[in-house]
């Protein structure tokens, strides 16, 4: 009866101690300030922004809006084979595993042990002494007790549990969960960056290929005029100076081709790396710029941007993890309470080991209060708070830079669109000027210098137009990236496989 009473009191005490668990200390750190503007600075009526379109965001496959089947294939290849994305996925797997590690202290630890022991003791003297005749009177001791051997077999189950009185272990688990989300958001950030890099690199390749075509056309035009001038020189109506000047123009156009080809090859190599391939393994069918569509994009609401950018979500998750780390460091200043239990069977014969008469058990409770650690615990708390302050500043900076990215992209799209339209007109005017100059040269009204100047103006205008097209395409990609590329934080959180996480 007394044993049952002691067990009852032990159970009550254990329930009381467990009931004290679950208290998580407040970290006492500031929350992030809300700094979302009401609208983007670059938003205006000319952007086509309306209230009905304010909540329209890019789709997750935003690159298909450019109307390039090859770009679609390239991005799909990069998503499967890019090594930066693979490394980010491995970091997610690490974070998933760390959750299980951090959640383990919230459960009791159990271990089973079996042992077999043999103890040997040598024989002891019986202290019997007598004198043997003829031994010169010296006493002689004979006989001793026999040696003994004792076997012992034991099977035990050990259990230990740390009562989380002040939420130290819960805070560590919360930090691991937040870090896990941060790793998932980082993976989305890396994937978005790779998608954008593939698109901009591809558009650069398309543009450089077009610039090579323009350079070849310019060279053909220059050679055509050179041939005409050489013919005039042969019949005596031209001058050697005119021929020499045009030869210089031809040489200039020839010299302009290698740098463009160099950039083209370098960008093809860069694209191969993004696809996880060696450059020699990449085969491209480069489209013409005219085959590409420049989509129109709505910027959405600034307040919603905070949940549409994976880098902002990552910064916020890291901040949440640091907040929990402060609580953990704070809890280390308070007492820790441990429960241990051991039970099993012990006997000298293994055949009868498992017998109620051979049972034993023990229960123990320990409380530990840090008194003097040389300032290490308070120092760690100060480190955790300073780390939180650093990540808080990083988060606020990420938010501000996100709004800046969107505003810059909106401005770039507006200005590059305007620039491309004006450059198209400049090309038409330059072509007309060259046609007039050539006609006047044939009529003898003007000299070859005027033709050379108008010719060079046309060449430069055509090359600039090709670059303007690339700049406009890349600005559109930048806006997609600044808006998070159709990513949604809520969907990522819901799809995160955290079913194996301990819940408390």
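Restricting attention to the stretch 144-155, which residues are part of a strand (DSSP E or B) and free of Cβ contacts under 8 Å to residues at least 40 places away in the same chain?
144, 148, 149 - these are the residues of the stretch 144-155 that are part of a strand (DSSP E or B) and free of Cβ contacts under 8 Å to residues at least 40 places away in the same chain.
Taking the criterion of being under 53 Å from the mean Cα position of the chain (by Cα), over 26 Å from residue 212 (Cα atoms) and in a helix (DSSP H, G or I), would at least one residue in the stretch 455-467 satisfy it? No, the stretch 455-467 contains no residue that is under 53 Å from the mean Cα position of the chain (by Cα), over 26 Å from residue 212 (Cα atoms) and in a helix (DSSP H, G or I).
When the residues of the stretch 437-449 are filtered to those that are surrounded by fewer than 17 Cβ atoms within 10 Å (Cβ to Cβ) and touching a helix residue (DSSP H, G or I) at 6+ places or on another chain (Cβ under 8 Å), the one that is modelled with the highest pLDDT is 440. For residue 296, the conditions (1) surrounded by 14 or more Cβ atoms within 10 Å (Cβ to Cβ); (2) assigned to a loop (DSSP other than H, G, I, E, B); (3) within 29 Å of the chain's Cα centre (by Cα) all hold with the exception of (1). Would you check if residue 409 is under 27 Å from residue 316 (Cβ atoms), within 28 Å of the chain's Cα centre (by Cα), free of Cβ contacts under 8 Å to residues at least 60 places away in the same chain and assigned to a helix (DSSP H, G or I)? Against the criterion (under 27 Å from residue 316 (Cβ atoms), within 28 Å of the chain's Cα centre (by Cα), free of Cβ contacts under 8 Å to residues at least 60 places away in the same chain and assigned to a helix (DSSP H, G or I)), residue 409 does not qualify. Residue count for the stretch 245-287 under the criterion of being more than 26 Å from the chain's Cα centre (by Cα), outside any helix (DSSP H, G or I) and surrounded by 17 or more Cβ atoms within 10 Å (Cβ to Cβ): the result is 1.
Scanning the stretch 349-389 for residues being assigned to a helix (DSSP H, G or I) and in contact (Cβ under 8 Å) with a residue 24 or more places away in the chain gives a total of 11.
Every test in (1) part of a helix (DSSP H, G or I); (2) closer than 30 Å to residue 238 by Cα is passed by residue 446 save one, and that test is (1). All conditions but one from (1) under 30 Å from residue 199 (Cα atoms); (2) surrounded by fewer than 18 Cβ atoms within 10 Å (Cβ to Cβ); (3) in contact (Cβ under 8 Å) with a residue 12 or more places away in the chain apply to residue 422; the one that does not is (3).
Of the residues screened, residue 241 is not one that is crowded, with 19+ Cβ neighbours inside 10 Å and within 15 Å of residue 448 (Cα to Cα).
Quick grid of which residues meet (1) surrounded by 22 or more Cβ atoms within 10 Å (Cβ to Cβ); (2) under 30 Å from residue 311 (Cβ atoms); (3) without any contact (Cβ under 8 Å) to a residue 60 or more places away in the chain:
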site: 157; (1), (2), (3): no, no, no
site: 164; (1), (2), (3): yes, no, no
site: 170; (1), (2), (3): yes, yes, no
site: 181; (1), (2), (3): yes, yes, no
site: 190; (1), (2), (3): no, yes, no
site: 198; (1), (2), (3): yes, yes, no
site: 202; (1), (2), (3): yes, yes, no
site: 210; (1), (2), (3): yes, no, no
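Out of curiosity, is residue 386 in contact with a strand residue (DSSP E or B) (Cβ under 6 Å, 6 or more places away or on another chain), surrounded by fewer than 19 Cβ atoms within 10 Å (Cβ to Cβ), at negative phi and at pLDDT 85 or above? No; evaluated as a whole, the condition is false for this residue. Criterion applied to 406, 427 was being over 25 Å from residue 256 (Cα atoms), modelled with pLDDT of 90 or more, surrounded by 17 or more Cβ atoms within 10 Å (Cβ to Cβ) and in contact with a helix residue (DSSP H, G or I) (Cβ under 6 Å, 6 or more places away or on another chain), and the one residue passing it is 406. Against the list (1) assigned to a helix (DSSP H, G or I); (2) surrounded by fewer than 19 Cβ atoms within 10 Å (Cβ to Cβ); (3) in contact (Cβ under 8 Å) with a residue 40 or more places away in the chain, the condition residue 470 fails is (2).
Candidates are the residues of the stretch 97-134 that are surrounded by fewer than 10 Cβ atoms within 10 Å (Cβ to Cβ) and outside any strand (DSSP E or B); the one that is modelled with the highest pLDDT is 122.
The values are calculated or read from the model by the stated rules, or taken from the named source; none is laboratory data. The model shown is predicted, which means the values in this text are computed figures rather than measured ones. Reconstructed Cβ throughout: ideal geometry from the backbone, glycine too, with neighbour counts over all protein chains shown.
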